[in-house]
1. In square nanometres, what is the average projected area of the Cα convex hull of the stretch 269-362?
2. Between Arg351, Arg325, Arg65, which gets the highest mean-square fluctuation from a Gaussian network model of the chain, Cα cutoff 10 Å?
3. Could you pull out every residue, at least 5 positions away or on a different chain, whose amide H is within less than 5 Å of the one on Ala338? Hs are placed 1.01 Å off N in the peptide plane, and Pro or chain starts have none.
4. Would you mind putting 151-158, 137-144, 179-186 in packing order, based on average other-beta-carbon counts within 10 Å, highest first?
5. If we restrict to alpha carbons, what Rg and Dmax does the stretch 244-309 come to, in Å?
6. Using amide H atoms built 1.01 Å from N in the peptide plane, name the residues 5+ places from Phe343, or on other chains, whose amide H lies under 5 Å from its own.
7. Over the stretch 37-100, with a single point scatterer placed on each C-alpha, what log10 of the ratio I(q)/I(0) does the Debye formula yield at q = 0.19, 0.20, 0.25, 0.27 1/Å?
8. Among the helices of the chain (complete DSSP H runs), which have Cα atoms covering no less than 18 Å along the helix axis and a Kyte-Doolittle mean of at least 0.0?
Amino acid sequence: MAGTARGTDGPLSGIRVVELAGIGPGPFAAMLLADLGADVVRVDRPGGGGLAINPAYDITNRNKRSVLVDLKSPEGPARVLDLVERADILIEGFRPGVAERLGVGPEQCRARNSRLVYGRMTGWGQDGPLAQRAGHDIGYIAITGTLGMIGRPDEAPAIPANLVGDYAGGSLYLVVGVLAALQHARATGEGQVVDAAIVDGAAHLASMIHGMMAAGGWQDRRGSNLLDGGCPFYGTYETADGGHMAVGALEQQFYDEFVQLLGIADQAPPRGDLAAWGELRETIAAAFKTRTRDEWTAVFETSDACVAPVLSLREAPAHPHLAARATFVEHSGITQPAPAPRFSATPGAVRSGPAQPGADTADVARDWDVPGLAAETD
C-alpha cells in the first residue's frame, strides 16, 4: 500500500489502518499500532459513543487521526470503503454480524481490497453459544479460569482491572494477529480475517499454568501455588506506614539475600518445608511491619533479593528506574506510558495527543485521496 503523507517514524511507518470507533481493547490495539508508526484513521460516529470522559484525555486515541462518518447514512458505508481500498488493516469491535449489516463487513471490504487484513475484536468470538451476548472483561476471564486463580484462597477472586482480559487477552492478541496476517498478505497478495476473542487470548495466557497443573505442579485453587500468592516468598506485605512491599525471592540465592536483609535469617523456618509456610509468612509479615515502605525500599534497592515497593499509579512515573528509562512521558498535558517495546533503528513516539472526533477529516481526505470523505461532514 502507498505510504502515508505524514512522515511518521516507527517500524510500522507506511502502514495504513482504519479503526471503526469502539471502546476498550479495539482502540488500545489501534493505539499500539499508531505508537509504532502506523497511520491510524479512527472512524468516529457523529455524537460520539466512546469512553465517558473528555476525548482530550483518552490517550488510547493518541497518535491517531479522526474522521466523522455516519455509517447509518446512505453515503456512510461508501466513505469507509473508500478508506478501506487504500488501507492495509481494518479493526472493528462490533458484535458478530453488525459490520455486515452496516455494509462494511469482511466480504464487502475485501471486495474492494483483497489484500486487506480485517481484524475483529470481540469478547466471546465470532461464533459459539455466547457470540451474540453482551459482555465485559470480568465475564470473559471468569469462564476461562483466569479470574478464579487470582486472589487469596479465603476471599473472593481479585479483579485485575481490565488488564488481563481486554488488553492482554484481547488487544495484544489482535495486534499479533493482524501483523502476522499482514506479513502473509504481503507475501501472497491475499488478506484474511483475524478473529481475536478475549476468551481465546485469556485462556492462551495461562498455557504454562495448564502444563504445570497437568504435571501435578499447580493446584486448581487460588492462593495455593508458587506464583499466585500461596508461596510466602512470592507475595506482598504491609509495612509500618500502611504501604506494601512486593517479594519475589524464588531462587535460593535471592531468598538467602532476602531473609538476611529482612533480618530473619536466624528465625525463619526452612523454606522447603511446606507445612511451615504459614509460620514463615507470619515471620516475614512481622518483620515488614517494623519499618515504613520507604525504609524497606532503601534496604533492598541495591540488592538481588527481588523486593520492590508497591507504588500507586501516580507514584510510578517518579520511580528512579522508570524515570531514567522515560517509561512515562508527558504529552498534551497528560503523564502517560511511553510507547513499548523499544526499537533501536525505528523508535516509536507519542507524536500527537488524543484525536478529537472529526478533527482530521480534511487532512485524511487529502492524504488518502478520498475527496468524498470531506463532503460527508459538510
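Every number in this text was worked out from the coordinates using simple rules, so none of it is lab data. Model, not experiment: these values are computed from the prediction. Neighbour counts run over all protein chains shown; Cβ positions are idealised from the backbone, glycine included.
1. Numbers: hull surface 44.6 nm².
With the hull built on Cα positions only, its mean projection is 11.2 nm².
2. Arg325
3. Phe328, Val329
4. The densest-packed peptide leads the list: 137-144, 179-186, 151-158.
5. That works out to 11.2, 32 Å for Rg and Dmax.
6. When sequence neighbours closer than 5 places are left aside, the close amide H contacts are Gly348.
7. For the stretch 37-100 at q = 0.19, 0.20, 0.25, 0.27 Å⁻¹, log10 I(q)/I(0) is -0.87, -0.97, -1.37, -1.45.
8. The qualifying helices are 172-188.
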